[in-house]
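Right, one structure below, let's go through it.
The values are calculated or read from the model by the stated rules, or taken from the named source; none is laboratory data. Worth saying up front: this structure is predicted, and the values here are computed from it rather than measured. Because the Cβ atoms are built from the backbone with ideal geometry, glycine has one as well, and the counts that use them run over all protein chains shown.
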Amino acid sequence: MSRALFPELDLELPDDRPKPGKRPSYFAAVALEQSIDKELDYEVPAAMWDEVKIGQRVRVPLGRGNKLAHGYIVGLHREQRYPKTKPIRTITDPRPLVDGQLLELARWIGRYYVCPIGTVIDSILPSAVKKRVGIGYVTMCRLAMTRDAVQDLLENTKAPKRRALLGRLLQVEEGGEIELAKLAGEAGVKPPTVRRLSKLGVITLRNVADLPALSVPKNWSGPRQQPLTLSDEQRVVMDNLTPRLVDGFSVNLLHGVTGSGKTEVYLQAIAKVVEAGKQAIVLVPEIALTPQTVRRFTGRFEKVAVLHSGLTAGARHRFWQQIAAGQADVVVGARSAIFAPVPKLGIVVVDEEHENSYKQDQAPRYHARDVAIKRAQMAECAVVLGSATPSLESWERAKSGHLLSLPSRVADRPMPAIEIIDLRNVQRQTRRIELLSPRLEHLLRVTKEAGEQGILLLNRRGYANFVFCPSCLEPVNCRFCDATMTYHRNVGEGPGSGSFEAGKHTGQLHCHYCLAVNPLPPSCEACGHKLSLFGLGTQRVEEEIRRKLPDLRFERVDSDTMRGGSQYEQVLDRFSRGELDVLLGTQMIAKGLDYPNVTFVGIVSGDTALSLPDFRASERTFQLITQVAGRAGRGEKPGRVALQTFMPDDPTIRSALAGDYERFADRELELRRQTGQPPFARMARIVVRDQDEKKLASRCQQLVVDLGPAVASENSVTLRGPHPCAISRISGYWRQQVLLSAPSALPLQRVLSRARSAGNFATNDRLAVDVDPVSLL
Ligand code: ADP
Ligand code: ZN
């Protein structure tokens, strides 16, 4: 099967094989899974010559002790390039696990994101595939001799069983195969009798996966749906896009306001590609990978593979095989689905392309959107990037490329009106800090009374994100991190509970960086004063809602309450059935949800993201407000949005209110241009960490010295740092960063590559290179 799967990989070894006894002379370049930043040459023992292929996973001896390590064959050659070469120990899996194109992609990722290629391959292959979980194998037999030779053999054989076997084998069509169990059954012999023939060289055996047909689990499948009649705007976009679907590589940015029908455009574009016998990969952000989203694809296409985090290992492996066998027309999944081994890639769709979750935060630190573009380039097909709030990188690039726009909602539905609730006035009037202003409370109430539903966003978990002593004015910090601890209540603590009424807090302090959990100290450790809780958190909003709107049926949705995907799905199901009036939550509820009865969206604080010490803070804020506002009024009834803020005049907030992406982008891009920030620069961030602050400082100084020659070789590359990171300590490790930047990617890449060959990034877990970082915290 593997041959059929990846024909271009069939690297035939030349036929002039040395006779047994002579020195073998075939070698494999092996990329090891453990992060060794070099391919190593191994000898291919003669016994493996028939089997060995590029893309296979192998076990090889490593180092003085010859400890066995896993790696992948990334090249085969004849000349011995090193005086001493150890032999490959075993071929762990006869299937080539990466085909030619994926291997090329892995090489690109390894180069671009400064990561050993073995680590890249290791991370793009699902571990269920490597461990071969959940798939049965059947053994296939094929003649290894000419039919005439078998005929001769048959004539000289007396044993009746073997005669029956040889006779049956002669009936197998020329070059064909027969399953071992079937052959044995039909010849009336036991399987070992068949296996003996392979020892005699009459037949060859190989294992192939016993693959069930592709099917979509029930809760992900939807009723059959016909393509919708496109709106005028959608038609213009489709007419533009259609010729590009058959014209090789292109990057197309689809900028469409929320509810403008981007998904329908994806579906119809994909249909064209599928009709042409090719496959589609659709990337969606992990939290948007809900049955609701997926059903739009399974309702339209029959053969859909859904790669989500809740899959069992066996299911994941089966999907992978089915995809590789070309059984899936459409693959839908989060970030890593970009590595789905579809044989004929015809289109890649990246929905909500601005989402940060497309960036992997461990090595290889790739951005799935950019990998998607690279993969499409290799496969010579189109990429469609869709968003209501494109990343400024994509927006800037699209200005000189292919920009498609859907400026209004389908069916003349209006964009939701956004009103500002100025928290400074509220505070003046009520003389205390309220999370739910009287206006917000009123809007929630009237929404419920009208039988409609609402979404309430606060992008912060827990109860209070500052716990401080009113006398020393010191917040309680994590012992391991440069961050304040967030107070989380225990289940049951709240108005009405005994401890709460007695003014006691029984909950815990959580660190959102190192995940440490401590009890709340009874009093300030320095002065003994009673501690105060301050700041925002979803639990606190929950408490206020309970107090002010006791009849409101709502559920809190954040990573504390939603452990595991099925809980999240259950809440969404109840919401869609109208059993809940309101969803309160973090960004988990800000995107993707499409419920026609949602007419109100409240944003408890529009300012939380603005205050982050990151040059993308405004971009994030604009995206979050626009995305969550876009959940309102998607059905027949118009939507309304209320935004509470202390900064009503902030230009980002103003553009978000006006729903004016272009105004926001123009202004922000001008700022970025002036300050030399992406997209007008490319960055690589090198973060070094150490438990010892002094050691860290000297290592960073040394790193800067080491990088000197590489940086000096490119005029346009600048180095800044070392500086302490914005969060200068996490989990007991001090952190400093060095930033490299350049006006374009190439010079930066040359510097990185030079520094890498000079061993400046000698891989260890204390140093991380992040190319095109999405966050500088
Ligand atoms: P977006 O992805 O741009 O936010 P969606 O694709 O979710 O928008 O579309 C919003 C709603 O409009 C969905 O309920 C969808 O079924 C509906 N819709 C999209 N296109 C059409 C169309 N051409 N005719 C009727 N309804 C449509
Ligand atoms: Zn911590």
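Of note:
- Restricted to the range 711-738, and to residues there that are part of a loop (DSSP other than H, G, I, E, B) and surrounded by fewer than 19 Cβ atoms within 10 Å (Cβ to Cβ), the residue that is farthest from ligand 2 (Cβ to nearest atom) is N715.
- Yes/no for E555 being charged (D, E, K, R) and surrounded by fewer than 20 Cβ atoms within 10 Å (Cβ to Cβ): no
- As for the range 198-206, it holds at least one residue that is in a strand (DSSP E or B), touching a Cys at 6+ places or on another chain (Cβ under 9 Å), modelled with pLDDT under 85 and within 27 Å of A325 (Cα to Cα).
- With respect to the stated conditions, D482 is part of a loop (DSSP other than H, G, I, E, B), of a type in the set (D, E) and within 16 Å of ligand 2 (Cβ to nearest atom).
- Test for L283: is it away from ligand 1 (no atom under 13 Å from the Cβ), in contact with an Asp or Glu (Cβ under 9 Å, 6 or more places away or on another chain) and within 30 Å of G310 (Cβ to Cβ): yes
- Condition met for G759 (farther than 26 Å from Y513 by Cα and in contact with a strand residue (DSSP E or B) (Cβ under 9 Å, 6 or more places away or on another chain)): no
- Counting residues in the range 490-499 that are surrounded by fewer than 20 Cβ atoms within 10 Å (Cβ to Cβ), more than 16 Å from ligand 1 (Cβ to nearest atom) and modelled with pLDDT of 80 or more gives zero.
Okay, residues lined up against (1) within 18 Å of Y366 (Cα to Cα); (2) in contact with a Pro (Cβ under 6 Å, 6 or more places away or on another chain); (3) of a type in the set (D, E, K, R); (4) not in a loop (DSSP other than H, G, I, E, B):
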site: Y42; (1), (2), (3), (4): no, no, no, yes
site: G55; (1), (2), (3), (4): no, yes, no, no
site: R64; (1), (2), (3), (4): no, no, yes, no
site: Y72; (1), (2), (3), (4): no, no, no, yes
site: L76; (1), (2), (3), (4): no, no, no, yes
site: Y82; (1), (2), (3), (4): no, no, no, no
site: E104; (1), (2), (3), (4): yes, no, yes, yes
site: T139; (1), (2), (3), (4): no, no, no, yes
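- When the range 265-303 is filtered for residues that are among the charged types (D, E, K, R) and free of Cβ contacts under 8 Å to residues at least 40 places away in the same chain, the ones remaining, listed by number, are K272, E275, E302.
Residue-by-condition table, conditions (1) polar (S, T, N, Q); (2) farther than 20 Å from M378 by Cβ; (3) at pLDDT 90 or above:
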site	(1), (2), (3)
S25	yes, yes, no
A46	no, yes, no
G71	no, yes, yes
V74	no, no, yes
P83	no, yes, no
R95	no, yes, no
C115	no, no, yes
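- Q429 vs. criteria at pLDDT 80 or above and either part of a strand (DSSP E or B) or not small (G, A, S) (or both): no
- Unique match (being among the aliphatic types (A, V, I, L, M), more than 16 Å from ligand 1 (Cβ to nearest atom) and in contact with a His (Cβ under 7 Å, 6 or more places away or on another chain)) among V251, V274, V208: V251
- Counting only helices (runs of 4 or more DSSP H) that sit wholly inside the range 224-305, those with at least 3 residues that are buried (at least 17 other Cβ atoms within 10 Å of the Cβ) and modelled with pLDDT of 95 or more are 232-245, 262-275.
- Note on the range 314-351: residues that are surrounded by fewer than 21 Cβ atoms within 10 Å (Cβ to Cβ), more than 20 Å from R300 (Cα to Cα), small (G, A, S) and over 12 Å from the mean Cα position of the chain (by Cα) total 3.
- Among the numbered conditions (1) away from ligand 2 (no atom under 16 Å from the Cβ); (2) at pLDDT 75 or above; (3) in contact with a Phe, Trp or Tyr (Cβ under 7 Å, 6 or more places away or on another chain), the only one that P522 does not meet is (3).
- When E579 is tested against the conditions (1) crowded, with 21+ Cβ neighbours inside 10 Å; (2) of a type in the set (D, E, K, R); (3) within 22 Å of K637 (Cβ to Cβ), the lone failure is (1).
- With respect to the conditions (1) surrounded by 14 or more Cβ atoms within 10 Å (Cβ to Cβ); (2) in contact with a helix residue (DSSP H, G or I) (Cβ under 8 Å, 6 or more places away or on another chain), G537 lacks only one, and its number is (2).
- Residue selected from the range 385-424 under the condition in a helix (DSSP H, G or I) and either surrounded by fewer than 12 Cβ atoms within 10 Å (Cβ to Cβ) or β-branched (V, I, T) (or both), by the criterion modelled with the highest pLDDT: V410
- Scanning the range 260-284 for residues that are within 24 Å of the chain's Cα centre (by Cα) and under 23 Å from L392 (Cβ atoms) turns up K262, V265, Y266, L283, V284.
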